[in-house]
1. State all residues of the stretch 78-109 that are buried (at least 17 other Cβ atoms within 10 Å of the Cβ), more than 18 Å from Asp22 (Cβ to Cβ) and under 13 Å from the mean Cα position of the chain (by Cα); if no residue qualifies, say none.
2. Could you run through the stretch 73-104 and say how many residues are at pLDDT below 95, in contact with a helix residue (DSSP H, G or I) (Cβ under 9 Å, 6 or more places away or on another chain) and over 21 Å from Val128 (Cβ atoms)?
3. For Ala54, indicate whether it is of a type in the set (A, V, I, L, M, F, W, C), within 12 Å of the chain's Cα centre (by Cα) and not in a strand (DSSP E or B).
4. Mind checking which residues of the stretch 49-74 are of a type in the set (Gly, Ala, Ser) and crowded, with 16+ Cβ neighbours inside 10 Å?
5. If the Cβ limit is 9 Å and pairs must be 6+ apart or interchain, which residue in the stretch 62-84 that is without any contact (Cβ under 8 Å) to a residue 24 or more places away in the chain pairs with which residue that is outside any helix (DSSP H, G or I) and surrounded by fewer than 24 Cβ atoms within 10 Å (Cβ to Cβ)?
6. For the stretch 70-92, indicate whether the set of residues that are outside any helix (DSSP H, G or I) and in contact with a His (Cβ under 9 Å, 6 or more places away or on another chain) is non-empty.
7. Quick one: Asp112 ticks every box in (1) touching a residue at least 24 places away in the same chain (Cβ under 8 Å); (2) among the acidic types (Asp, Glu); (3) surrounded by 15 or more Cβ atoms within 10 Å (Cβ to Cβ) except a single one, so which number is it?
Amino acid sequence: MSGSPPTAPGPEPGRRVLVIDDNEDAAESLRVMLQLHGHAVEVALSGADGLETARRFLPEVVLCDLGLPQLDGLAVAEAMRADPELRGARLIAITGYGGPEDVERALRAGFDTHLTKPADPVRLLELVAA
């Protein structure tokens, strides 16, 4: 029987990831880390821009700060969960607000996971790839 030799499975394809953070340095650091791991990444520096970018980019995963000016991360999560095209994205809060009440509010707003800054990069990459 002829044919090509079996090949080992390749790496999992990257995810479409949207980073929403008003701290430009933090957002760019996440972008670089995620791109180095094969993900397609868009960055938005406000909640409103994040929603606009999400509607165009249709991310599979969203990393969103909670403490955004004007439209905060909780409002972003609620808007995404209400949008039929965006509601299936995995929403990960990545924020400096790490108290039990902050975690509860984030989960109630629609986030799947809450990480406190500085987030463990290994854990973050695992959540994005899951």
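The values are calculated or read from the model by the stated rules, or taken from the named source; none is laboratory data. The shown structure was predicted, so the numbers you read here are calculated from the model rather than taken from an experiment. Neighbour counts are summed over all protein chains in view; Cβ atoms, including those assigned to glycine, are modelled from backbone coordinates with ideal geometry.
1. Matches in the stretch 78-109: Leu86, Ala89, Arg90.
2. 0
3. yes
4. We begin by selecting, within the stretch 49-74, every residue of a type in the set (Gly, Ala, Ser); these are 50, 54, 67, 73.
Those that are of a type in the set (Gly, Ala, Ser) and crowded, with 16+ Cβ neighbours inside 10 Å: Gly50, Ala54, Gly73.
5. Going by the 9 Å Cβ cut-off, the qualifying pairs are Ala82/Gly110.
6. Filtering the stretch 70-92 down to residues outside any helix (DSSP H, G or I) leaves 70-72, 83-92.
Filter once more, keeping what is in contact with a His (Cβ under 9 Å, 6 or more places away or on another chain): 92.
Within the stretch 70-92, one or more residues are outside any helix (DSSP H, G or I) and in contact with a His (Cβ under 9 Å, 6 or more places away or on another chain).
7. Single failed check for Asp112: (1).
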